[in-house]
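Encoded as structure tokens, the structure appears first; notes follow it.
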Amino acid sequence: MKHPPGRRRLPAVLCAAVLATSAACGSDGGPLTINVYYSTEQNFDQVVARCTDEADGRYVIALNTLPRTADAQREQMVRRLAAGDTDMDVLGLDVTWVAEFAEAGWIQEWTGADRADVEAGTLEGPLQTAMWEGKLYSAPKNTNVQLLWYRSDLTPEPPRSWSEMLQMAERLRDQGKPHTVLMTGAQYEGLVVQFNTLVEGAGGRILSEDSTRAVFDEGAVEALEALRNLAVSPVSSPSLSNAQEDDIRLAFQDGGAAFQINWPYVYAAMTEANPELIETLRWAPYPALDPANTGTATLGGFNLAVSAYSEHKAEAFEAAKCLRSAESQKFSAINSGVPPTIESVYAEPEMEEAYPMRETILAELKKAAIRPLTPAYQNVSTLISTILSPPRDINPPETADRLRREVQNALDSKGVLP
Amino acid sequence: MSQTVVPPPGSTQPADPPRRQKVSEGKRAERKLAWLLCAPAALVMVAVTGYPIAYSIWLSLQRYDLRFPDQREFIGFDNYITVLSNGYWWNAFWVTSLITVISVVIELVLGMALALIMHRTLVARGLVRTVALIPYGIVTVVAAFSWRYAWTQDTGYLAELVAPESALLTERAPALAIIILAEVWKTVPFMALLLMAGLALVPEDLLKAASMDGASAWQRFTKVMLPVMKPAILVALLFRTLDAFRIFDNIFVLTAGAQETSSVSMITYSNLIRGLNLGIGSTMSVLIFVAVALIAFIFVKVFGTAAPGSDDRGRR
């Protein structure tokens, strides 16, 4: 799938040399190739093919699929960018990597008309994840946000706050009904997402506004308490400290749980896997520690950036814009289940069937919690997930002190990663 | 090393010259030629080993994080202080030492047993040796994946067999045990191979003489075979200890360093490649280099291990 670099670069170089004397370059060296590096997304190749058609022969977009896990994706891109690899043009970045890549000078700033195009109609939350220090460094391609999934046969009305959810679960337990509260608690990014949502839901902060100081204020301590209390509670799943998205989706699908906090993809998955349960499956905004903040949830998703080492930046910007255009986003939302970043797409009639929960998603996106924007995010996240694992061993004020100390070191790029 | 140079064929050698002077003159020329012939190889070796070592030492003296290129500066030994006063590093160091000691001891015992079996087999000798070597022939990452799947809760057959209720790979002690098991399974054949070479050095006559004198099988093993094999055993231990101390792939696949199961190589990887901190990461690689050099030094100087080939006792 990956082409050896030499084979592609040679025609390009020849092409540049010939360009001065002849206009027949395209047919001689083959059309220009724009290499897109993106994680696995179903049917994304069709979006790529359509954008190649739109380029009308000026360039061909080649889709290079990155490894499945986020760490492996980042490592491949980082390693190649650090070596100044010119073969990567458009990069699919997880929303938490933009600051890092921008600060390192690996991705190109979006300016002028390109920037205006991206900003037009894009939701505020996802757009923030694409910026670093007031400049736009990427274009939000799709976003994501977790919802609370519940069953109308167990709880006709959804809980409006975190504590209400636990009370409901305990009542169900007393009645001998399925009562488990499922969330991702394994030592990985999913735990950091939960923690970030809980902190924001309590009105707290992880880092200071400018991302230079580790704050972990009162709200963070409250979030730590909530995590620990859930972990030791009888309504929690025994495998909490080992659970990732798909584990809890499966557990919920089997009918043994009352609540799950998970991404919207569970809806489509469950439609196929358990058509009976889907009848009673309902969704609600993420219940926050402070009921006023219910519906605040951490943003996920991907942004498209143009590599600073790309030799065809103009075409790369154009290709990236096409890949994240409203039309492409609509296609991806319906065919691959990834929520759009452009608000108008949610109003499209075809979205109704694929996204019955679109109103809730849109409402959450408008009060979204953004994970700390810092070039050292990877380190911050690794430390948080290590220190919070396993959640039952959290000792709120002490854990907060440790987080403050070690995360501060990470921000100063002084500490050691576990 | 250089006194074994053979005179090149066709070189004119007078029949019976005044020996001492003539030889030293010819030798000098030959030695010079030898150095010249070695020089390209030696230079390449220096370039591919010396340069990276020197470069990583140089990096380890800097504050150099790829994500903050503007903050690059020379900071002397600050990185060493940071790493050596850090809990994660020492945890990884002790985990590595534990894995090294336990796995090498088990490997030595099992490797010796396997070597004896392979040495003594009378029928289907080739088949036995080939089968015994299969684990060593499997790519470590592939083997590690099959161990991981075997120990995964709900789907793995070993997990089902041993502890169906708990996820062993996510708890520290069981995870370490599984890592050691995978490491032992993988490298026992290598140990056995090295030890078998040592077994071949034990003269049959000695064993026969010992049994004539009434030595039991155990006595023959401990009093005759082991002393004769000592150089081979030490070399095998040295190789395996150095290898085990740098353990990476098994841990990477099995736990990825979660639940404090990182080895020193693993923690270096996460700081250098994942964390992009060239300063701290290089400091760790230099420290691993020092540790490995120390292990080799102790083996050579204290236990008297000799490099294979330079050991006269081993020759017959």
For this session: Find out how many positive minus negative residues lie around residue B:104, taking Lys and Arg as positive, Asp and Glu as negative, among other residues whose Cβ is under 15 Å from that of residue B:104.
Result: 0
Problem set entry | Table column - 3J(HN,Hα) (Hz), the stretch A:35-52, Karplus curve with 6.51, -1.76, 1.60, x for Gly and Pro | 8, 9, 10, 9, 6, 4, 9, 3, 6, 5, 4, 6, 5, 4, 5, 5, 5, 5
For this session: Select from the stretch B:20-110 those chymotrypsin sites (Phe, Trp or Tyr not before Pro) which occupy a DSSP coil region and have at most 16 other Cβ atoms within 10 Å, ordered by residue number.
Result: B:77
Problem set entry | Per-residue HN-Hα couplings for the stretch B:127-144 [Karplus 6.51, -1.76, 1.60; θ = phi - 60°; Hz; x = Gly/Pro] | 4, 4, 5, 5, 4, 4, 8, 3, x, 5, x, 7, 4, 4, 5, 4, 4, 4
Exercise. Hey, which lysines would be in cross-link range of residue B:301, C-alpha to C-alpha under 26 Å, not counting anything within fewer than 8 residues on its own chain?
Worked result: B:223, B:230
For this session: Determine the alpha carbon to alpha carbon distance for each of A:135/A:313; A:141/A:414; A:313/A:367 and list only those over 28 Å.
Result: A:141/A:414; A:313/A:367
Seminar exercise, completed: Counting other chain Cβ atoms within 10 Å of each Cβ in B:122-133 and taking the mean gives 0
For this session: Report the residue, chosen from B:291, B:47, B:150, that carries the largest GNM mean-square fluctuation when chain B is represented by alpha-carbon nodes joined by springs under 10 Å.
Result: B:47
Problem set entry | Sequence of A:164, A:272 when ordered by accessible area, the most exposed leading, probe 1.4 angstrom | A:272, A:164
Exercise. So which trypsin sites (Lys or Arg not before Pro) in the stretch A:212-283 end up in coil per DSSP with only 16 or fewer other C-beta atoms within 10 Å?
Worked result: A:213
Seminar exercise, completed: Averaged over the residues of B:58-68, the number of partner chain Cβ atoms within 10 Å of each residue's own Cβ comes to 4
For this session: Could you work out how far helix A:326-336 tilts from the main Cα principal axis of chain A, as a 0 to 90 degree angle to the nearest 10?
Result: 50
Problem set entry | Amide H contacts of residue B:152 (H built 1.01 Å from N, under 5 Å, at least 5 apart or other chain) | B:159
Problem set entry | Under 5 Å, built H, 5+ apart or other chain: amide partners of residue A:286 | A:148, A:295
Problem set entry | Rg/Rh for the stretch A:54-116, where both radii come from Cα atoms and Rh is the Kirkwood radius | 0.99
Problem set entry | Average partner coverage of B:268-281, which counts Cβ from other chains inside 10 Å | 5
Exercise. Counting Lys and Arg as +1 and Asp and Glu as -1, what is the net charge of the other residues whose Cβ lies under 13 Å from the Cβ of residue A:56?
Worked result: -2
Problem set entry | Positive minus negative residues near residue A:136 (Lys, Arg vs Asp, Glu; Cβ under 12 Å) | -3
Exercise. DSSP loop GluC sites (Glu not before Pro) in the stretch B:104-199 with at most 11 other Cβ atoms within 10 Å of their Cβ, which ones?
Worked result: B:165
Exercise. What residues have an amide H closer than 5 Å to that of residue A:62, excluding those fewer than 5 places away on the same chain, when H is modeled at 1.01 Å from N in the peptide plane?
Worked result: A:34, A:35, A:36
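The values are calculated or read from the model by the stated rules, or taken from the named source; none is laboratory data. What you see is a predicted model; the values in this text were computed from it and never measured. All Cβ positions, glycine included, derive from the backbone under ideal geometry; neighbour counts span all protein chains shown. Accessible surface is based on the protein model in full, side chains and every heavy atom, while ligands, DNA and RNA are left aside. Shrake-Rupley method; radii C 1.70, N 1.55, O 1.52, S 1.80 Å.
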